[in-house]
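Reading through the structure tokens given below for one structure.
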Amino acid sequence: MNDATRRYLPLGLISLNDNHSVQVAPCVTQLTLKFVNVCFVAEPHSGNWVLIDAALPRQEHKIIACAERLFGDRVPAAIILTHGHFDHVGSALELSHHWQAPLYAHRFELPYLTGAQPYPPADTAAGGGIITQLSGLFPRGPYQFDTVLSVLPEDGSVPGLDSWRWISTPGHTPGHVSLFREEDKTLIAGDAFVSVQQESLHKVFLQRAKLSGPPRYFTQDWGQAFESVRRLANLKPATATTGHGPPIGGALLTTGLEHMLNHFYADHMPKHRFMH
Ligand SMILES: [Zn+2]
Ligand SMILES: [Zn+2]
């Protein structure tokens, strides 16, 4: 990270870490673009690699440059979308065309990715910081990826990555998925939980690792979101990369997930969504 990469986003959002990549675990590299992460995951034996998520629009050149640093001229076997929010799919079509690589998403995410319906309006009263108040301006789709989109295999296998499986983690969106590698317990959580308080401009600016529930303004089903965090905590991940914020691991992750589950309704949910 250097001063030249610290720049303002059009909405006034700031990112300290733009275009910053870090190795999270063997063969797993997180690249931060503005305020969102993408992940490059390689399979050492086959030589395959896969891109997880596709950032905001017009980020394809930075993603391609990072891929070339990591993999030379090898193209990815697939681009896998944890979900279809605008900050995770913005450059998906351009990348898919560039590499001739298929996109994959969970079947419950298809309506938002095939033009059928937009995501519900953002919950601008969800609290947590100024980004929530701005979230009504965020694009809600739907996107038109029909020509390059496939459904993730029902058996949990991840196209191109033999040692990984995908896990259904709905709540933030109906078809949200996370990815997990059992052998070293590496987790790619998407927005099932994140490692920065994404609603707070101040916290996003600082980018200090702190576990937080899914971004509040866009989370559709809080009961499912809680169950999804519990499912991921039960895997006892050693290291996690999330959709927003720095990688997190060790006790910070273990105790952070435990604490999140114990205080989910008080600390991580919008107050007006409490069910009495
Ligand atoms: Zn999201
Ligand atoms: Zn997100």
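The values are calculated or read from the model by the stated rules, or taken from the named source; none is laboratory data. The structure displayed is predicted, hence computed values, not measured ones. When we count neighbours, we look across all protein chains shown, and the Cβ atoms used for this are built from the backbone with ideal geometry, even at glycine. Side chains included, ligands, DNA and RNA excluded: accessible areas come from the protein's heavy atoms. Shrake-Rupley method; radii C 1.70, N 1.55, O 1.52, S 1.80 Å.
At-a-glance table
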item: Lone qualifier among A233, A225 - being surrounded by fewer than 23 Cβ atoms within 10 Å (Cβ to Cβ), small (G, A, S) and touching a residue at least 12 places away in the same chain (Cβ under 8 Å); result: A233
item: Cross-chain or 6+ apart pairs with Cβ under 7 Å, region 138-153 first and open to solvent by less than 40 Å² (accessible area, probe 1.4 Å) and assigned to a loop (DSSP other than H, G, I, E, B), then at pLDDT 95 or above and polar (S, T, N, Q); result: F145/T114; V148/S96
item: Qualifying residue in region 193-213 (condition: under 15 Å from I52 (Cβ atoms), assigned to a strand (DSSP E or B) and within 16 Å of ligand 1 (Cβ to nearest atom)); result: yes
item: Residue, most open to solvent (accessible area, probe 1.4 Å), within region 198-219, restricted to residues that are farther than 15 Å from H172 by Cα and at pLDDT 75 or above; result: K210
item: Residue list for region 254-276, restricted to those being crowded, with 19+ Cβ neighbours inside 10 Å and either modelled with pLDDT of 95 or more or not aliphatic (A, V, I, L, M) (or both); result: G256, L257, M260, H268
item: Restricting region 176-187 to residues that are over 21 Å from H259 (Cβ atoms), under 13 Å from the mean Cα position of the chain (by Cα) and part of a strand (DSSP E or B), the residue that is nearest to ligand 1 (Cβ to nearest atom); result: V177
item: Residue list for region 70-90, filter: of a type in the set (V, I, T) and surrounded by fewer than 23 Cβ atoms within 10 Å (Cβ to Cβ); result: V75
